[in-house]
1. Give L9, L49, L23 a once-over and let me know the one that is closer than 23 Å to E79 by Cα, out of contact with any strand residue (DSSP E or B) (no Cβ under 6 Å at 6 or more places or on another chain) and assigned to a helix (DSSP H, G or I).
2. Give the residues of the stretch 52-71 that are assigned to a helix (DSSP H, G or I), open to solvent by 40 Å² or more (accessible area, probe 1.4 Å) and in contact with a Ser or Thr (Cβ under 8 Å, 6 or more places away or on another chain), sorted by residue number.
3. Say we look at the stretch 1-21 and pick out the residues that are closer than 17 Å to S111 by Cβ and in contact (Cβ under 8 Å) with a residue 40 or more places away in the chain; which of these is surrounded by the fewest Cβ atoms within 10 Å (Cβ to Cβ)?
4. Write out, first by first residue and then by second, each pair whose Cβ atoms fall under 6 Å of each other, whose residues are 6+ apart or on separate chains, and whose first residue, in the stretch 96-109, is over 14 Å from F32 (Cβ atoms) while the second is open to solvent by 10 Å² or more (accessible area, probe 1.4 Å) and outside any strand (DSSP E or B).
5. For the stretch 27-48, what are the residues that are surrounded by 16 or more Cβ atoms within 10 Å (Cβ to Cβ) and within 16 Å of G17 (Cβ to Cβ)?
6. Determine, yes or no, whether V74 is surrounded by 15 or more Cβ atoms within 10 Å (Cβ to Cβ), within 16 Å of T15 (Cβ to Cβ) and not small (G, A, S).
7. What are the residues in the stretch 100-121 that are touching a Cys at 6+ places or on another chain (Cβ under 8 Å) and not small (G, A, S), if any?
Amino acid sequence: MSAADYLGLYAEGWTKGDADTILKAVSDDYIFDDPNAGKIAKSDFAAYLSGMKENVRSLRGGNLPDPYMAITEVITQEEEGVLTAWCWWAVPGTEIQGSGLIKVGAEGVHSEVVTYYTNLPG
């Protein structure tokens, strides 16, 4: 698969909220960096996503949105064998939204760093 193919599979997994699909797109050294949960290794990702989905269920009265996540404003740049993607993501029916910075190589998605769009306290 090409880096672009891995990125497409990764995005598909997020829109479906499907950890198995996401994990098919990632490399062995994958790290998901969430400022609320810290750095999540590939081996811990399915548990992380399950916890995130429980939070979404609690915000939505027990159900998950379909699609689970909307991904828009995708911008990509390829340089020296690394595909970098920036995107805006949102969980429909909640206030949860933010930006993602994704790095993809020949082995799959190596990392994603997410930020949350929120008001500062005070």
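1. That would be L9, the only listed residue that is closer than 23 Å to E79 by Cα, out of contact with any strand residue (DSSP E or B) (no Cβ under 6 Å at 6 or more places or on another chain) and assigned to a helix (DSSP H, G or I).
2. L59 - this is the single residue of the stretch 52-71 that is assigned to a helix (DSSP H, G or I), open to solvent by 40 Å² or more (accessible area, probe 1.4 Å) and in contact with a Ser or Thr (Cβ under 8 Å, 6 or more places away or on another chain).
3. Per the stated criteria, the residue is A4.
4. Partner pairs satisfying both residue conditions: Q97/Y117.
5. F32, D34, I40, F45, Y48 - these are the residues of the stretch 27-48 that are surrounded by 16 or more Cβ atoms within 10 Å (Cβ to Cβ) and within 16 Å of G17 (Cβ to Cβ).
6. Details: surrounded by 15 or more Cβ atoms within 10 Å (Cβ to Cβ): no; within 16 Å of T15 (Cβ to Cβ): yes; not small (G, A, S): yes.
It is false that V74 is surrounded by 15 or more Cβ atoms within 10 Å (Cβ to Cβ), within 16 Å of T15 (Cβ to Cβ) and not small (G, A, S).
7. Result: I102, single match.
Every residue, every condition in (1) over 19 Å from Y117 (Cα atoms); (2) aromatic (F, W, Y), yes or no:
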position	(1), (2)
L9	yes, no
E12	yes, no
L23	yes, no
F32	no, yes
S43	yes, no
A46	yes, no
A70	no, no
V82	yes, no
W88	no, yes
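The values are calculated or read from the model by the stated rules, or taken from the named source; none is laboratory data. For clarity, every value in this text was computed on a predicted model and none was experimentally measured. Positions of Cβ are generated from backbone atoms using ideal geometry, with glycine treated the same way; all protein chains shown enter the neighbour counts. For accessibility, only protein heavy atoms count, side chains too; no ligands or nucleic acids. Shrake-Rupley method; radii C 1.70, N 1.55, O 1.52, S 1.80 Å.
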